[in-house]
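Everything on this sheet refers to the single structure shown next.
What follows draws every value from the coordinates through simple rules; no lab data is involved. For clarity, every value in this text was computed on a predicted model and none was experimentally measured. Methodologically, a virtual Cβ is constructed for each residue, glycine included, from the backbone with ideal geometry; neighbour enumeration extends over all protein chains shown.
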Amino acid sequence: MEAKETLKQILLASLNLSDAKWNECLLEHKETGAPLVAIITQKGLVSENDLLGALSKHLEIPRVKIKPEEIDSGILKSIPAKLATHYNFMPLKIEEGALRIAVNDPFDLCLLDEIGLFSGYQIRASLAGKKDIQEAIKNFYGVGAETLEAISRQAPIPAVEADAAAKAKGKDIQDETIDPSVIKFLNQVLLDAIKQRATDIHFEPYEDDLHIRYRIDGVLYEVACPPTIKHFQSSIASRIKVMASLDIAEKRKPQDGRIDIAMEDELYDLRVSVMPTAFGESIGIRILRRSSPVIGLESLGLDSGGLNTLEKALAKPYGIILVTGPTGSGKTTTLYACLNKISSTQRKILTIEDPIEYQLSGVTQMQVEPKTGFTFANALRSMLRHDPDIMMVGEIRDLETAEIAVRTALTGHLVLSTLHTNDASSAITRLLDMGIDAFLISSSVILIIAQRLVRVICPQCKEKYTPEPSLIKQFSAHASHHPEKPMFRGRGCASCRFTGYKGRIAIFEMLSVSDPIRELILQKAPAHQIRQKAISAGMNPLRACGWEKIAQGATTMEEVLRVTYEEEP
């Protein structure tokens, strides 16, 4: 009762909480057993920041911002992940024989007593935000650490050596029964990846470890995992295969599948790829959010000139518009934005994709199924019988698809598609290499777009800085357009995972196929000649577009250099 009275006095005197609201919280505390501090902040009666400040002042308990360098990793071995997760505290260090911990509720005496009994230390508390504590637990103990601890206590850990010996004899190892705790662990990983805005999850087996990595904003980050995760590698792989309707007994061949899940009121498509390696099965999961809105053409990040060029090409009744770039450069997003722009009730639009990433209203979308023989080429033939005005082909992969796309464009249809090339001019030589005649390319292709995605400077920790002269020198051909512009970078904060970046935008180069370019195509000129002619006609190269974004304070020199190649002078 004394703790409640102390909390009441602090709330009423320092934070202006009314008696009525206090009694309301007290009643809920008695009915549910939830901590009073949590009830008060969840109801929004007092902000967590103000409450922690008042508690720190009146109780003389230090308030901390949990920093990795201030945590003694050795002490984590004596405090189980389950205990830290259950009571939501983070062990920090041993000082003068006592265990210093970060807690969100200093009035939870049961927590302090149990930690003291379990650890054998006298407990000293510091105050920290609830989310800060949860994030620290995840980063230092690993995702789902308490779940794997529970499995370890329930059953003996299978020996890795036994698996290796059985495989050497040519025997198939029986998969363990999928424990509910493994299901819970995998759910924790998926939920964490979605919260972190990851587009891919990689489960990578090695001889003595299993690594989990997320791809966030195009860059891979390793996820902290408990050291015992290697022992549950087979169970994790089996659970993913069951979810994706794959053959759990097949471990020698690659398999591809799909999982539909709902998390936090959102629907997701998970594209699963399983591949055998020397130390087990490597698993890649692509995360696609079904409800992601299709962005408008104006939101792509194009400058006024580029936007005008693209709109003119989309207004033409026939021809091919190609978007090029490596995997994960946002090509499909650009195509969807184009379709969204030109979609209308007067036009029949068909798409063939692998996979369908976004649902477009008013557009008939199909997905390739190689197992049944429904390929891009077969789909294109079928699409022509449906009287389309505009067609989108997810990717031109082979001569057959390229030939049909070209002839479709020449017979009065607008075709949008993608190619994997380094720049816009290389798309011409790629089509020639595939075996398409030069006169067909020059007559059908009207616009080629090359694009890359660059990370955006985190707005929470954005700051001015002076870059190294060596960096500026690499932009010397473009920097003259913006003399003495201030440069920015991200300092790194919790909001951006201390990377300095959060989110991505696209940079583009647009090659309009004009008469001079057509002449070079007919002559089968090399890509660099086509590129030089296009630049002299006004094409903005990728690095020049990147410099525009740098000058606007959207991204950094290092980021543009990361995704663009060294251009010839």
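Observations
- Coupling constants for the range 400-416 follow from the phi torsions by the Karplus curve (6.51 cos²θ - 1.76 cosθ + 1.60, θ = phi - 60°), and in residue order they are 4, 5, 4, 4, 5, 4, 5, 5, 5, 5, 6, 9, x, 10, 8, 10, 10 Hz; glycine and proline get x.
- Here the convex hull built on the C-alpha positions of the range 175-239 has a volume of 81 cubic angstrom per residue.
- FRET E, pair Arg252, Leu399, Förster distance 30 Å, beta-carbon r, rounded to 0.05: 0.40
- Residue-count net charge about Cys545 - beta-carbon cut-off 11 Å; Lys, Arg +1, Asp, Glu -1: 0
- Dipole of the chain, positive end: most advanced residue of Phe488, Ala315, Gly330 [Cβ charges, Cα centre]: Ala315
- Antiparallel bridge percentage (DSSP; both residues within the range 1-156; nearest 5): 40
- Three-way shape label, the range 226-268, alpha-carbon gyration tensor, a/c 1.5: oblate
- From the alpha carbon centroid of the range 347-383 to that of the range 237-308 is 18 Å.
- Where no second cysteine Cβ lies under 4.7 Å, the cysteines concerned in the chain: Cys25, Cys110, Cys225, Cys338, Cys545
- Theoretical gain in end-to-end length, Lys30 to Leu267 [0.36 nm per residue, Cα-Cα removed]: 81.6 nm
- Given charges at beta-carbon only (K, R positive; D, E negative), |dipole| of the chain in Debye: 980
- Relative to the longest principal axis of the Cα atoms of the chain, the long axis of helix 145-154 makes an angle of roughly 70 degrees.
- GluC sites (Glu not before Pro) restricted to the range 228-272 and DSSP loop, no more than 15 other C-beta within 10 Å: Glu250, Glu264
- Kirkwood hydrodynamic radius of the range 171-292, Cα pairs, Å: 14.7
- Cross-link pairs beyond the 27 Å C-alpha cut-off, checked among Lys130/Lys502; Lys57/Lys93; Lys331/Lys549; Lys184/Lys241; Lys4/Lys131; Lys312/Lys485: Lys312/Lys485
- Whether the range 355-398 is rounded, prolate or oblate, judged on the alpha carbon gyration tensor where a/c under 1.5 counts as rounded: oblate
- The range 320-340 residues near the modelled Glu204 label - backbone nitrogen below 18 Å, point 7 Å along Cα→Cβ: 327-328
- Full-extension gain in nm, Leu288 to Ser245, via 0.36 nm per residue minus C-alpha separation: 13.7 nm
- Convex hull of the range 331-490 built on C-alpha atoms - directionally averaged projected area, nm²: 13.6
- Additional length obtainable on full extension of the chain from Leu191 to Asn308, 0.36 nm per residue less Cα span: 38.0 nm
- Enclosed volume per residue, in Å³, of the convex hull spanned by Cα atoms of the chain: 215
- Just so you know, the Rg over Rh for the range 1-72 is 1.03, from Cα atoms, with Rh as the Kirkwood radius.
- Amide H partners (placed H, <5 Å) of Leu447, local residues excluded: Ile320, Leu322, Val513
- Efficiency of FRET between Met275 and Glu5 - r from beta-carbon atoms, R0 45 angstrom, step 0.05: 0.15
- Using the Cβ-Cβ distance between Lys77 and Ala20 with R0 = 41 Å, the FRET efficiency computed as 1/(1 + (r/R0)^6) comes to roughly 0.30.
- Residue-wise HN-Hα coupling along the range 66-76, computed from phi with Karplus coefficients 6.51, -1.76, 1.60 (Hz; x: Gly, Pro): 5, 10, x, 6, 9, 9, 7, 4, x, 6, 5
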